[in-house]
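Chemist: Take a look at this one; I'll ask things after.
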Amino acid sequence: MLNYLQAELWRVFRCKSFYVQAAFLLFCAHLFAFLYGSGDFPQLVSGVCSTMFTGVLAAPMLAQLVDGGFQDTVKNELSFGLSRTFIYLGKLAGGIVLGLLFCGVLVGGVLVSG
């Protein structure tokens, strides 16, 4: 399972759209930090809560990154002998790992900007 997860993440990290999406989310995080971060801690916490809303809006883009080429790659994965449950769990785990990575980018961007 670990090798399959590594292969999924390698495929996602090769796409230019992953880096574009990460840059867009980082830009949004900085924007929220500048809007809400006036120098005191309660405003910064409000900015972090606002960036979480941005992460919810980015979830469909994240799912597209992980599952975008499913029709092209599922034939190869099934012919290799992987079960559909294994493929689904691997894509789910890849989506969770990428979501946590994007969450770190969002929260880290707000904290650095604030």
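Chemist: Restrict the check to the stretch 40-50 and report whether at least one residue is in a loop (DSSP other than H, G, I, E, B), modelled with pLDDT under 70 and loosely packed, with under 14 Cβ neighbours inside 10 Å.
Modeler: At the first step, the residues of the stretch 40-50 found to be in a loop (DSSP other than H, G, I, E, B) are 40.
Among the residues that remain, those that are also modelled with pLDDT under 70 are: none.
Looking through the stretch 40-50, none of the residues is in a loop (DSSP other than H, G, I, E, B), modelled with pLDDT under 70 and loosely packed, with under 14 Cβ neighbours inside 10 Å.
Chemist: Which condition number in (1) assigned to a loop (DSSP other than H, G, I, E, B); (2) at pLDDT 80 or above; (3) of a type outside the set (A, V, I, L, M) is the one that GLY104 fails?
Modeler: (1)
Chemist: Among the residues of the stretch 84-107 satisfying the criterion of being open to solvent by 50 Å² or more (accessible area, probe 1.4 Å) and among the β-branched types (Val, Ile, Thr), which is farthest from the chain's Cα centre (by Cα)?
Modeler: Among those that are open to solvent by 50 Å² or more (accessible area, probe 1.4 Å) and among the β-branched types (Val, Ile, Thr), it is THR85.
Chemist: Within the stretch 77-96, can one find any residue that is assigned to a loop (DSSP other than H, G, I, E, B) and at pLDDT below 80? Walk me through how you get there before you give the answer.
Modeler: If we filter the stretch 77-96 for residues that are assigned to a loop (DSSP other than H, G, I, E, B), which is where we start, we get 80-83.
Next, from what is left, pick out any that are at pLDDT below 80: 80.
Yes, the conditions are met somewhere in the stretch 77-96.
The values are calculated or read from the model by the stated rules, or taken from the named source; none is laboratory data. Just so you know, these numbers come straight off a predicted model, no measurement behind them. When we count neighbours, we look across all protein chains shown, and the Cβ atoms used for this are built from the backbone with ideal geometry, even at glycine. Protein only, heavy atoms only, side chains kept; ligands, DNA and RNA dropped before computing areas. Shrake-Rupley method; radii C 1.70, N 1.55, O 1.52, S 1.80 Å.
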